[in-house]
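Chemist: Supplied in structure tokens, the structure appears directly below.
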Amino acid sequence: MRALYILAKDSLEEALSSRLILVSLLTAAVLLYLGEAVSALAAEEETRALLDLGLGLIELVTLGIAVFGGAVFFLREGETKRADLILSRPIGRARYLLGRFLGLALTAGVSLLLTSALHLAMLLLKGWLFTPAYLYALVGIYLKVLIALSMTLGISLWSTSALAAMGFSALLWSLGHFLPEVGELLGRGGTRLAWLKPLLWIPPNLSFLNYRDVLSLTPGFPPVGAWFAYTGAYAGLWLLIAWDRLRLKEF
Amino acid sequence: MISAVALVLIAAGGAFLPRLPGFVPPRPPPRFETARGGACEEALFLSLGLRRLLADVWMVRLLLYYGAAEEAMTNSAGEQAEISGSGGYPEIAARAAGILALDPSFSYAVLYASGALAFNLGRPGEAIELLRRGLAADPGNWRYRAYIGAIGLEKNGDRQGAVDLLEPALDAPDCPAMIKSIAAFLYIKLGENAKAAALYRKILEDSRDPGYQAMARRGLARLFRAARSHHQP
């Protein structure tokens, strides 16, 4: 447990001290500021536009940090020989992977908290009335990012290029949001395209976690327990794929 | 081997989990024929899970499509021209229906477009059809029913009946300033200037739209002048 904590803390500190997260957060701040100007075009629906634009930007920035971090992490660990250094100690590869995953997840969480605090301040200044649905939307965003991070780690360990890992993760991310639409398009193709349907079982069902997109449609509490169960199972399986490669990998 | 088993488990989960209760997608896919944006833009937003934001973008386009022209019309010929209206803007109903398909809870788009169609452009049939679509998407929204009633009465020349039906909707947060200004105009026609002035003040307080704020200021000034000339001997 202590090893996990040290590995996670080390990953978080490294990410926070790098310029990547600083640049990402500054980008988010500038985009949110510009978003305020753009949302003014929506006239009487200004706060709604600012809410949607801000949540979308928060998700994309957090996703960028997680996916980039996940894609380059083990490549960098190999290049700098840090992996050798860590694995020469009595730390199993599963714990090493889990510790690094938790560190990157914490980094994404810090980014999410900082950008959403800025967004929330802007909304409240505009006279928006706070609703707990905002917090559920953030939870949904974070769980989606954790899924993307686990996929990226799994793919990055199997591929030799960080770019390929990021590209493939982005593809799965897009398909994950597009499943109902792709399903309908395949349905229109009839039996001719039926063989493609099983391919849609692999991407994560991100529509299920995309609460920020249905804020005003779903009264009552969202199924947060089912969200966590799904994320745990899906991300866990991708981490298993990552571990399967890591246990044989020579750094 | 372990990776292969994990992938099979992921696929099995993907195949069976959506069938469990409580795991339904949040809404059905949009009706593609109602889309009014570029296909690439739509695919980009949907694939990033930004359906609500896409609805906002389309709403801004609807406001720019109709709002700018409406403002020019009002500035040149006054509110009378706005209320009696003239043709054009054939895409209003289709654009609003596209927004509704993206976000069935976005009542502002339906109320705005149906108000423009019924009271400004003289096309109540299209307005009622759009409101019916809104009701089908959000059956609990009583404002749609009130608007349908008000449009029907106004069409038959019953202005008093129309404002009576609109009145409860005027305080709702999603009531467009356009509807408030239409109601104010109907009040003036009915000789209820105090109610019209209250509505113009409400537009000045609530609306973030500078066009409607300017219109409300002009309306208040006109009412003030009318009241002064009425009291002068």
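The values are calculated or read from the model by the stated rules, or taken from the named source; none is laboratory data. Keep in mind that what you see is a predicted model, and the values were worked out from it rather than measured. Neighbour counts are summed over all protein chains in view; Cβ atoms, including those assigned to glycine, are modelled from backbone coordinates with ideal geometry. Note: accessible area is taken over every heavy atom of the protein model, side chains too, but ligands, DNA and RNA are not part of it. Shrake-Rupley method; radii C 1.70, N 1.55, O 1.52, S 1.80 Å.
Chemist: What does the charge dipole of the stretch B:29-228 about its Cα centre add up to, to the nearest 20 debye, if the Cβ of each Lys and Arg holds +1 and the Cβ of each Asp and Glu holds -1? Numbers along the way, then the final one.
Modeler: Values: 24 positive and 23 negative charges, 93 e Å.
Dipole size: approximately 440 debye.
Chemist: Which residue, chosen from A:S111, A:A121, A:A133, occupies the Cα position most advanced towards the positive end of the dipole of the stretch A:64-139, where the dipole is computed from +1 (Lys, Arg) and -1 (Asp, Glu) charges on Cβ about the Cα centre?
Modeler: About the Cα centre, the residue reaching furthest to the positive side is A:S111.
Chemist: Where the convex hull is taken over the Cα atoms of the protein assembly as shown, what is its projected area averaged over directions, in nm²? Don't skip to the answer; put the middle values down first.
Modeler: Values: hull surface 105.7 nm².
Spelled out: convex hull of the Cα atoms, projected over all directions, averaged, 26.4 nm².
Chemist: So what J values fall out for the stretch A:22-32 if you push phi through Karplus, 6.51 cos²θ - 1.76 cosθ + 1.60 with θ = phi - 60°, rounded to Hz, Gly and Pro as x?
Modeler: Residue by residue, the stretch A:22-32 yields 5, 4, 4, 5, 5, 4, 4, 5, 5, 5, 5 Hz.
Chemist: Shifting gears a bit: Taking N as the number of residues in chain A, what is its alpha-carbon radius of gyration divided by 2.2 N^0.38 Å?
Modeler: Numbers: Rg = 19.5 Å, N = 251, 2.2 N^0.38 = 18.0 Å.
For chain A, the normalised Cα radius of gyration comes out at 1.09.
Chemist: Could you report chain A's accessible area per residue, 1.4 Å probe, as an integer in Å²?
Modeler: Values: 11400 Å² over 251 residues.
Ligands and nucleic acids excluded, the result is 45 Å² per residue.
Chemist: Heavy atoms only, probe 1.4 Å: what % of the accessible area of the stretch B:29-228 goes to carbon and sulfur, would you let me know?
Modeler: Details: 4520 of 8090 Å².
Looking at the stretch B:29-228 in its full context, I get 56 percent from C and S.
Chemist: Here's something else I'd like to know. Putting +1 on Lys and Arg Cβ atoms and -1 on Asp and Glu Cβ atoms, find which of B:Y200, B:L48, A:L22 reaches farthest to the positive end of the dipole of the protein assembly as shown.
Modeler: The one lying farthest along the dipole's positive direction is A:L22.
Chemist: Only Cα pairs within less than 10 Å get springs; with that Gaussian network setup on chain A, which residue of A:S161, A:S116, A:S169 has the largest fluctuation?
Modeler: Maximum fluctuation in the GNM of chain A, among the listed residues, is at A:S161.
Chemist: Length gain on complete extension for the stretch A:K81 to A:V224, per 0.36 nm per residue less the alpha carbon to alpha carbon distance? Walk me through the intermediate numbers first.
Modeler: Values: separation 143, 0.36 × 143 = 51.48 nm, distance 4.03 nm.
Between A:K81 and A:V224, full extension yields an extra 47.4 nm.
Chemist: Right, something else. Would you compute, from DSSP H runs of 4+ residues alone, the mean residue ellipticity of the protein assembly as shown at 222 nm, taking -39500 (n - 2.57) per run and dividing by the full residue count, rounded to the nearest 500? Mind dumping the intermediate values first?
Modeler: Working: 20 runs with 344 residues, N = 484.
Rounded to the nearest 500, the figure is -24000 deg cm²/dmol.
Chemist: For A:L22 and B:D164, what is the calculated FRET efficiency with R₀ set at 51 Å and r taken between the beta-carbons, to the nearest 0.05? Mind dumping the intermediate values first?
Modeler: Working: r = 59 Å, r/R0 = 1.17.
About 0.30, to the nearest 0.05.
Chemist: Can you give the FRET efficiency to the nearest 0.05 for B:A15 and A:A40, using r as the Cβ-Cβ distance and R₀ = 60 Å? Walk me through the intermediate numbers first.
Modeler: Working: r = 46 Å, r/R0 = 0.76.
In this case the efficiency is close to 0.85.
Chemist: Now for a separate question. How far is it, in nm, from the label point at A:E250 to the one at B:R217 when both lie 7 Å from their Cα along the line to the Cβ?
Modeler: About 7.8 nm separates the two model spin labels.
Chemist: Counting Lys and Arg as +1 and Asp and Glu as -1, each charge on the Cβ, what is the dipole of chain A about the Cα centre in debye, to the nearest 20? Kindly include the intermediate steps, with their values, before the conclusion.
Modeler: Values: 20 positive and 17 negative charges, 194 e Å.
Value, rounded to 20: 940 debye.
Chemist: Once phi is turned into ³J(HN,Hα) by the Karplus curve 6.51 cos²θ - 1.76 cosθ + 1.60 with θ = phi - 60°, what whole-Hz value does each residue of the stretch A:66-76 show in order, with x for glycine and proline?
Modeler: In residue order, the calculated couplings are 5, 5, 5, x, x, 6, 9, 4, 6, 5, 5 Hz.
Chemist: Please give the FRET efficiency for B:A198 paired with A:L185, using the beta carbon to beta carbon distance and R0 = 41 Å, rounded to the nearest 0.05.
Modeler: Plugging the Cβ-Cβ distance into 1/(1 + (r/R0)^6) gives 0.20.
Chemist: What part of the accessible area of chain A, given as a whole %, is carbon or sulfur when the probe is 1.4 angstrom? Mind showing how you got there, number by number?
Modeler: On the way: 8220 of 11400 Å².
Here it works out to 72 percent.
Chemist: So what are the ³J(HN,Hα) numbers for the stretch A:176-183, from phi and the Karplus equation (6.51, -1.76, 1.60; θ = phi - 60°), rounded to whole Hz, Gly and Pro as x?
Modeler: My calculation for the stretch A:176-183 gives x, 8, 9, 4, x, 5, 5, x Hz in order.
Chemist: Let me check against my output: what whole-number percent is the relative contact order of the stretch B:29-228, with C-alpha pairs under 8 Å and at least 6 apart?
Modeler: On the way: 221 pairs, mean separation 28.3, N = 200.
That works out to 14 percent.
Chemist: How long are the semi-axes of the ellipsoid equivalent to the stretch B:101-233, from square roots of 5 times the Cα gyration tensor eigenvalues, in whole Å, largest first? Walk me through the intermediate numbers first.
Modeler: Numbers: eigenvalues 157, 53, 25 Å².
Square roots of five times the eigenvalues give 28, 16, 11 Å.
Chemist: Mind checking the dipole of the protein assembly as shown: about its Cα centre, +1 per Lys or Arg Cβ, -1 per Asp or Glu Cβ, Debye to the nearest 20? Could you put the intermediate results ahead of the total?
Modeler: Details: 46 positive and 40 negative charges, 165 e Å.
Dipole about the Cα centre, nearest 20: 800 debye.
Chemist: Under the definition of Cα pairs under 8 Å and six or more residues apart, what whole-number percent is the relative contact order of the stretch A:1-134?
Modeler: Working: 95 pairs, mean separation 58.6, N = 134.
The value is 44 percent.
Chemist: Just checking the output field for A:192-201: average partner chain Cβ neighbours within 10 Å of each residue's Cβ? The partial results should precede the final answer.
Modeler: Values: counts 0, 0, 0, 0, 0, 1, 3, 2, 3, 11.
Partner-chain Cβ atoms within 10 Å, mean over residues of A:192-201: 2.
Chemist: Still on this model: With contacts defined as alpha carbon pairs under 8 Å and 6 or more residues apart, what's the relative contact order of chain A in percent?
Modeler: On the way: 258 pairs, mean separation 65.4, N = 251.
Answer for chain A is 26 percent.
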